Amino acid sequence: MRLEGKFAAAIHKQVSDYKEAEKDEKIQKRYGSMAYRLPILVRSAGLAQALAFVESKSKHEASHPYTYLLNHLAEVVIGNNDGKALAGQSRNADVQEYMYLTQRTMLALKWYKRFAETMLGITPTTAGEDGGGND
């Protein structure tokens with residue numbers, strides 16, 4: 001199976017499991033909204049800055065939807081369910097590794113965005129509404 005297919009299957013399971021476990025639709029929307037917006041943030045600010053932003057918004061709470069998203073992303077991209085590890089790796093990478101991480105992350109984020117739309121009901125209109133007030 002190609003990498004893209006592996007990512008799609010793994011991310012579909014993550015989002016499905018998250019949606020089933022998290023019954024609060026506002027919390028689901030926060031996860032989905034960030035999943036929808038993160039590819040744009042990576043393109044505009046760079047991988048390290050985008051991941052640092054998500055880290056800062058998660059308020060270091062294990063149950064925060066952004067923490068789940070960051071951990072899910074790390075599991076798919078580096079095979080380690082630790083978003084802080086992915087963020088740290090992006091900050092400490094040399095140019096070649098940074099480009100590789102960015103490429104893998106963008107491939108994964110394409111699927112997070114698609115599943116945020118189809119499974120969590122995120123649209124371009126609702127993507128800016130995180131459902132949780134101030135982060």
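The values are calculated or read from the model by the stated rules, or taken from the named source; none is laboratory data. Remember, predicted model here, so these are calculated numbers, not experimental data. Note: ideal-geometry Cβ built from the backbone for every residue, glycine included; neighbour counts use all protein chains shown.
Let me spell it out: the conditions are (1) more than 15 Å from I122 (Cβ to Cβ); (2) in contact (Cβ under 8 Å) with a residue 12 or more places away in the chain, and K13 meets all of them except one. Which number is the exception?
(2)
Can you find a residue in region 58-72 that is free of Cβ contacts under 8 Å to residues at least 12 places away in the same chain, aliphatic (A, V, I, L, M) and within 27 Å of K23 (Cα to Cα)?
Looking through region 58-72, at least one residue is free of Cβ contacts under 8 Å to residues at least 12 places away in the same chain, aliphatic (A, V, I, L, M) and within 27 Å of K23 (Cα to Cα).
Taking the residues in region 1-48 that are surrounded by 13 or more Cβ atoms within 10 Å (Cβ to Cβ) and not in a helix (DSSP H, G or I) as candidates, determine which candidate is modelled with the highest pLDDT.
G46
Of everything in region 1-24, what is touching a Leu at 6+ places or on another chain (Cβ under 8 Å), under 17 Å from Y66 (Cα atoms) and of a type in the set (A, V, I, L, M)? Give them in sequence order.
Listed by number, the list holds a single entry, V15.
Only helices (runs of 4 or more DSSP H) wholly contained in region 51-135 count here; list those with 1 or more residues that are exposed (fewer than 13 other Cβ atoms within 10 Å of the Cβ) and more than 14 Å from the chain's Cα centre (by Cα).
Qualifying helices (runs of 4 or more DSSP H): 83-92, 95-120.
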